Amino acid sequence: MNSILEIEGLTVKYKTRYGTVHALSNVSFSVKKGSIVGIIGESGSGKSTLGHTILRTLPENARIESGKIMFEGSDLLEIDEEVFRREFRWKKISMIFQNSMNAFSPVHRIQDQLLDVARKCFPNKSRNELLEIIKEKLRIANIDESVLKKYPHELSGGQRQRVAIGMALLADPEIVIADEPTTGLDVVTQYQILNRLKEIQKDLGITLLLITHDVSVVAALSTDVLVLYAGKVLEYGDIKRVFKNSHHPYTYLLLRSYPEMGKEKLYEIPGSPPDLRNPPSGCVFHPRCPYATDLCRKEEPKLVEIEEGHFSACHYATSFNKEVNSL
């Protein structure tokens, strides 16, 4: 497998006034070059923390306790911050942030903000050369260059999001992390943004990590899917295999709980996600799992390969799969 990114045993915690939050626990997976990996899970599952850890933009109260993030033979977590800022962030790995309004300064024009990023990426280029690069990326994001003279509040949510996409593409990165890129947008604009993202990924050959809670978005865009729950990887693999032949109860229940046309009945996952200041013992999903046994309550399951490229962290992955398929 031609992997562009390999994450091994990543553990991240937040120190808060109320206790230590276990945001990511021993997360491991690999990303194929040129793929679109949908990262899904309920709120608080660690999706955004994962993205910010890769880009090294975690808040000050976060601590990376262990793990590696291997990219082009280098562990991103071991690289000096100044070197990472100069050679990796925005240039090789960039991000489309969750809330486009918060991604821009309200008191500066779009042009000034994009020029600021462009100068960091291309310190030896002239202002005119930088503006040409910016205009080219805005065209790729399918937005007119007239937005450069405007302030963020003068743009619609969809326009701001397209500018954010253009900004993420400024230095032709190899990996783009899209963190809930359609949050707060109407359905039509969501479709347009997501469709453009997929076209850009295909045309430029970039690797896209798509963070979302929307199962339908992952199903429509992704080649692979990573299922996170309470900071742990519960299932990972090819989108068709995982969605059509899930080997973890959480994935199965998550898919059944999502509304879609023609579905006669909606199901819900019982209970609520755990308090990550005090995660449950054994399998982190066992308090909500209708298939849990004493083994699940006592012993944490390992993430194992069920079939080629398809991984599950369930003691009963195979028997569970056979049971649900026989219903």
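The values are calculated or read from the model by the stated rules, or taken from the named source; none is laboratory data. Owing to the predicted nature of the structure, the values given are computational and were not obtained by experimental measurement. We place every Cβ from the backbone using ideal geometry, glycine too, and count neighbours over all the protein chains shown. For the accessible areas, the whole protein counts, side chains as well, though only heavy atoms, and no ligand, DNA or RNA atoms are used. Shrake-Rupley method; radii C 1.70, N 1.55, O 1.52, S 1.80 Å.
General remarks:
- Distances between every pair of Cα atoms in the range 280-327, grouped in 10 Å steps from 0 to the bin holding the largest one, split as 26, 52, 22, 0 percent.
- Folded to 0 to 90 degrees: helix 187-204 orientation relative to the chain principal axis, Cα: 80
- Portion, in percent, of the accessible area of the chain that falls on carbon or sulfur, probe 1.4 Å: 48
- Quotient of C-alpha Rg and 2.2 N^0.38 Å, computed over the range 52-137: 1.26
- Cα Rg, Dmax (largest Cα-Cα span) when computed across the chain, Å: 20.5, 66
- Relative contact order computed over the chain (Cα-Cα under 8 Å; 6+ residues apart), in percent: 20
- In the chain, the longest principal axis of the Cα atoms and the axis of helix 127-140 are about 40 degrees apart.
- Gyration tensor (alpha-carbon) shape descriptor, the range 85-219, a/c threshold 1.5: oblate
- Sites Asn99 and Ser66, calculated FRET efficiency, Cβ-Cβ separation with R0 30 Å, nearest 0.05: 0.50
- Other residues lying with their Cβ under 14 Å from the Cβ of Tyr236 contribute a combined charge of -2, Lys and Arg counting +1, Asp and Glu -1.
- Checking every one of the trypsin sites (Lys or Arg not before Pro) in the range 219-327 against DSSP loop status and a limit of 15 other Cβ atoms within 10 Å picks out Lys263, Lys265, Arg277, Lys302.
- Within the shell of other residues whose beta carbon sits under 12 angstrom from the beta carbon of Lys15, the net charge comes to +2, with Lys and Arg scored +1 and Asp and Glu -1.
- Gain upon complete extension [Lys15, Ser319; 0.36 nm per residue less C-alpha separation]: 105.5 nm
- Inter-label distance for Asp203 and Ser43, nm, one decimal - labels placed 7 Å from Cα along Cα-to-Cβ: 3.5
- Flagged links, alpha-carbon separation over 23 Å, of Lys202/Lys232; Lys92/Lys137; Lys92/Lys149: Lys202/Lys232; Lys92/Lys149
- A DSSP coil position with no more than 10 other Cβ atoms inside 10 Å describes the following GluC sites (Glu not before Pro) in the range 226-327: Glu260, Glu264, Glu268, Glu308.
- Antiparallel bridges, percent of DSSP beta bridges restricted to the chain (to nearest 5): 65
- The distance between label points at Val188 and Ser3 comes to 4.4 nm (points 7 Å beyond Cα on the Cα→Cβ vector).
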